[in-house]
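Each reported figure results from applying straightforward, stated rules to the coordinates on display, with no laboratory input. Quantities reported herein were computed from a predicted structural model and do not represent experimental measurements. Positions of Cβ are backbone-derived with ideal geometry, glycine not excepted, and every protein chain shown enters the neighbour counts.
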């Protein structure tokens, strides 16, 4: 019996028990006035039948895998296994897949011997776990069915269940944040046991290729992340913002203050479309169309080092991508400035542009700055554009026609292709991710606080 | 100029200053207009470039070739083509040689590699559809190899272009709609590739994302907006949701890699893992949209329901939630559209493998449309440029449909209280 059969059995038990409770409550209702509707009785019973059993099943599944593995490893057939942990894992994986019928035969002959052991042990354990879960489901069903009665407050009980579900759903956000932090920290700590944090944070050499043979040139690998962060800032926070801030801000001003409402009704969805275009499309556009143009421009300006993977191409396209974001954030904060301030300025004889520049913008500034910080945080975390259009050479240069690389490009580079886990090269991606996460976290927190404070000020 | 002089209307200084101020006003207004026009022009440029490059990807170049099946050295039993093993029979029949012979016979030795792997596959499909072809000399239109295809579209090598010109003179080349592009999965030969495999992978992934992110997001929004007490826990939840909505997507990919693959040992490259990762990413977006929608339901509705004796739960689930649903759905669709276009986190969990068969379930290896675009954009063969742009058109159509649906829902059902 596999666990999925137990799962189905539990659901059937829950449905049947719920139906029994429903009919019992309905028959009670014909004689007496119930506290709760029959459907609440049914829900109460079904919940008690299903939830504890499912919980048990969910806890059992990983435990079972561990138990089966240890039994298989101590079986006589496992004596032939190689000592290397990695090879052993591969063979175990194959045996598991053969046992569950996912594949016909493994690449390693050992897995064929192990498969029957695997199948037998996991059948035994899932039988035990499944039976226990079904027993819990039956116990829950009988216990709760006995409580169905005229006086029983089933609705309140169901609402307590619901409340727990609501609370659980909202805790997932915290769990995700913790999950990100812990998984990044855990892998980064392993990285920092190989490479010193000082070298990682302050080093200026980045060449993560660790050698296959020990005598190979450059076998040590260098993990100084400064050039990556410079590239990220150069593309995301400098070039992209030079494009996005003026265009986004001026678009927002024009659309909120000057444009006739018909134009506004058309332009806002247009900008939303610009925001909805997937980043891989921007990346392809940058690599295919913008990068050659930028290189030709650089060559015609007499810059011999103009690269077809220039920082300028990636930054320009990223700026275009950010425009709608800056625009909608500024739009919100400009709209939040009280009309009385605008009227006061106009009444003193200021022209519209003077009102905007001297009254509305200073009043909206915190919101605009918050929006720009969020835009920067999005730009430095943006991946596809830089993966497709920026280069891989870790240069520290101010020349926008040269190629630079970014943190996200390197993460993708390190984690795709041939992965050997445990190597500093792979773990470096997590360390880069941790730093990136912390930077964007700080930027987001500052921006969100600024925006919220400012909104409160005018409400 | 002293202050008194500045505000005197008689000597014209005031007028010139007013003129200057009005000129500044016009300049400012023009700058705004230019900004909007530039943003829209970028969008138009992007769409036009993609459309121009991509529309050709939905077509393929076909060449006419006469194959004399009875006289060729092909040994194929028509009866075997009707059986269940037809695909294997055709694949092992050595159609390549026949095609090469027929092509050189018709168009000279330069046409030796007129046909590629995609052409062989297409011929096999035609034979399975009509085994009677084997009994006669047949004139067949077949897609050409990618080298000739690029030449026919004007960007190939000189020899290939000469071949195409010679064939055109004899009416041996035509353009046809490439139905295979919508029906096939990935392939190594650009003339045989299709997006169906990637589309199916995207669909399964989004299904998983939707099934997880929508209920959890809505329930979390209800809790935070209607029930949460104001305390440090609630603040922590709120901060982490707002922050998660702005965390770079690649970080979610790292989370998925570390937790779902390395810790929980879920299958690599599977829509299940992709969906889980994207669900964590989309959930905060749905929570924020849901909270705004719930907030905009006026308190009088809650008071009225409470007044006739509904419990707090009944107020929320019977009255507030149905009224807030259009707003929540709008936010959900926008979140789903974002998840549909997301690439980076899926690269992290290994959805970048070459997968030649559409996935059958959520635990099988799959790729998704944006990742497919990324993979094709890396290919060296020029013929992939068209296919990539065509795939981008398909992706953009889906995004437009979803965003359009969201805007329609917002305009149709949004209530102003």
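Fewest-first ordering of A:255, B:306, B:114 by other beta carbons within 10 Å of each residue's beta carbon gives B:306, A:255, B:114. Reported to the nearest whole Å, the Cα centre-to-centre distance from region B:148-190 to region A:302-365 is 48. The mean number of partner chain beta-carbon atoms within 10 angstrom of a residue's beta-carbon across peptide A:268-279 is 6.
Against chain B, whose longest principal axis comes from its Cα atoms, helix B:321-340 is set at around 50 degrees.
For region B:332-348 versus region A:375-390, the spacing of their alpha-carbon centroids is 15 Å.
Using only Cα atoms, find the angle between the long axis of helix A:154-192 and the longest principal axis of chain A, and express it within 0 to 90 degrees, rounded to the nearest 10. Roughly 60 degrees, rounded to the nearest 10. As a rough guide to protection, the peptides B:339-348, B:396-405, A:390-399, A:271-280 ranked by mean Cβ packing within 10 Å, highest first, stand as B:339-348, A:271-280, A:390-399, B:396-405. For the protein assembly as shown, the gyration tensor built on C-alpha atoms gives an oblate shape. Its axis ratio a/c (a ≥ b ≥ c) is at least 1.5, and a/b is not larger than b/c. Here the simple spin-label model places points 7 Å from the Cα toward Cβ, and for residue B:162 and residue B:353 these points are separated by 4.6 nm. When peptides B:287-299, A:350-362 are sorted by average Cβ neighbour count within 10 Å, with the highest value leading, the order is B:287-299, A:350-362. Remark: mean inter-chain Cβ contacts per residue of A:429-441 equal 3, using a 10 Å Cβ-Cβ cutoff to other protein chain atoms.
Which of the three applies to chain B, rounded, prolate or oblate, going by the alpha-carbon gyration tensor with a ≥ b ≥ c and a/c under 1.5 meaning rounded? Oblate, since a/c reaches 1.5 and b/c is not below a/b.
With contacts defined as alpha carbon pairs under 8 Å and 6 or more residues apart, what's the relative contact order of region A:1-75 in percent?
So the answer I get is 37 percent.
Residues considered: B:230, B:268, B:26. Largest GNM mean-square fluctuation over chain B, using C-alpha springs under 10 Å, is found at B:26. When the square roots of the Cα gyration tensor eigenvalues are ordered a ≥ b ≥ c, the ratio a/c for chain A is 1.5 or more and a/b does not exceed b/c, which makes its shape oblate. Peptide B:22-32 has a mean of 5 when you count, residue by residue, the C-beta atoms of other protein chains within 10 Å of its C-beta.
When each of the peptides B:127-133, B:74-80, A:260-266 is scored by the mean number of other C-beta atoms lying within 10 Å of its residues, the order from highest to lowest reads B:127-133, B:74-80, A:260-266.
Label sites at residue A:150 and residue A:63, each approximated as a point 7 angstrom past Cα along Cα to Cβ, lie 4.3 nm apart. For helix A:424-458, report the angle its Cα long axis makes with the longest principal axis of the Cα atoms of chain A; keep it between 0 and 90° and round to the nearest 10°. Between helix and principal axis, roughly 70 degrees.
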